[in-house]
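The structure appears right after this line, and notes come after that.
The values are calculated or read from the model by the stated rules, or taken from the named source; none is laboratory data. Note that the structure is a prediction, hence the values are computed from the model and not measured. Methodologically, a virtual Cβ is constructed for each residue, glycine included, from the backbone with ideal geometry; neighbour enumeration extends over all protein chains shown. Surface accessibility is based on the protein's heavy atoms, side chains included, excluding ligands, DNA and RNA. Shrake-Rupley method; radii C 1.70, N 1.55, O 1.52, S 1.80 Å.
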Amino acid sequence: MEPDALVQCPYDRSHQVRESRLPYHLVRCQQNNPQVSRTLATCPFNARHRVPRAHLRDHVTSCPDKLPLELPPDPEDTARPACPPAQDWQPPPCQEDWDAGELELEEPPPFILHVTKGDLPVPC
């Protein structure tokens, strides 16, 4: 797509629009021409393509922006290494001891602006 190339508006044949501005022009021109808008359909592959409703099926089959349909590969055709059975998997040993006494957590010192931990007074 060349942004400065001129294209013809499907709603008003006298409009020549830069290709880079076509999406904005189509929205405005569609609102300004409701009679013509009812006769045109939008291509499902490229919203810039506006074709007569009667020709939409022909356009869809030959649209240059139509992406080829790619189906996922058949699992029987692809040779993959077999996954290990689920019962062979063992969880790693747990490092936690829930029966041990509670850890004594130190309370963090209060935040005081411009004071470092060494400057705080020690409680008696």
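Other residues whose C-beta falls under 11 angstrom from the C-beta of residue 2 contribute a net charge of -1, scoring Lys and Arg +1 and Asp and Glu -1.
Distance between the pseudo-spin-label points of residue 94 and residue 107 (7 Å out from Cα toward the beta carbon): 3.2 nm. Accessible surface calculations at 1.4 Å, restricted to protein heavy atoms, place the range 6-62 at 69 Å² per residue. Distances between placed amide hydrogens fall under 5 Å for residue 41 paired with 51, 53, all partners being 5 or more residues away or on another chain. How high is the FRET efficiency between residue 12 and residue 61 when r is their beta carbon distance and R₀ equals 30 Å, given to the nearest 0.05? After rounding to 0.05, the efficiency reads 0.65.
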